[in-house]
Amino acid sequence: MLQAFSNKKIKNLTATAVFAILALASTVVRADDGPYIDQVKHQLFRAAFASGLNGYTLTHEPTIDTLREGRSHYITVNLRAGVSYGIVGVCDSDCRDLDISLRDNRGNLIASDLQDDDIPMISFNPSRSGRYQIQVDMADCNANTCYYGVGVFGQ
């Protein structure tokens, strides 16, 4: 009972910390962008826990941005050996398919989620510390641009 209570308390603290960081992650935006950014922030928060990342904490500032269909964005992150990472992507309600890939500093593909969905997730346990690149691909967007978010969580 005590163990379950402690785990629940830790999960709630982790969830609160993630939400607080996501709230700080947005930059100055136009007033009409606000609902989309809020939607993506909330989806990222929920997707991380739905993907089984309970007990993980946010290790990098989340990226929230826009992409046109067929376009890509690259996010460079430093990952440490011995840490288990989960990388989660989400997008707004106009998006139908978002894909993410992880490459090492030589451009070698490490992991990817290219499924036809709007919540990609990949896991990775680096054997060596270094710079890695997350490629975000907007595969299907029903608007001029779609908002997306990517969070890197570690344990």
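The values are calculated or read from the model by the stated rules, or taken from the named source; none is laboratory data. What you see is a predicted model; the values in this text were computed from it and never measured. Positions of Cβ are generated from backbone atoms using ideal geometry, with glycine treated the same way; all protein chains shown enter the neighbour counts. Just so you know, the surface numbers come from the protein's heavy atoms only, side chains and all, with ligands and any DNA or RNA stripped out. Shrake-Rupley method; radii C 1.70, N 1.55, O 1.52, S 1.80 Å.
Of the accessible area of the range 72-111, with the probe set at 1.4 angstrom, what percent is carbon plus sulfur? Don't skip to the end; give the middle numbers.
On the way: 670 of 1750 Å².
Of the solvent-accessible surface of the range 72-111, carbon and sulfur hold 38 percent.
With a Förster radius of 25 Å, plug the Cβ-Cβ distance of Arg71 and Asn125 into 1/(1 + (r/R0)^6) and report the FRET value to the nearest 0.05. If you can, show how the numbers build up before the last one.
Details: r = 30 Å, r/R0 = 1.19.
After rounding, the FRET efficiency stands at 0.25.
Test of understanding: extend the Cα→C-beta vector of Asn144 to 7 Å, then name every residue of the range 69-99 with backbone N under 15 Å from that spot.
Inside the label zone: 69.
I'd like the accessible area for Arg96, computed on protein heavy atoms only with a 1.4 Å probe and all protein chains in place. Round to 10 Å², please.
Accessible area, nearest 10 Å²: 120 Å².
At a 1.4 Å probe radius, which order do Asp116, Asp38 fall into by accessible area, largest first? Don't jump to the answer; show the numbers that get you there.
Details: Asp116 130, Asp38 70 Å².
So, going from the largest accessible area down, we get Asp116, Asp38.
From largest accessible area down, sort Arg68, Arg103, Arg131; use a 1.4 Å probe on the protein chains. Can you show the working numbers first?
On the way: Arg68 110, Arg103 75, Arg131 140 Å².
In descending accessible area the options line up as Arg131, Arg68, Arg103.
Between Ala81 and Asp116, how high is the FRET efficiency from 1/(1 + (r/R0)^6) when r is the Cβ-Cβ distance and R₀ = 41 Å? Nearest 0.05. Present the calculation step by step, with values, prior to reporting the outcome.
Numbers: r = 33 Å, r/R0 = 0.80.
With R0 = 41 Å, the Cβ-Cβ based efficiency is 0.80.
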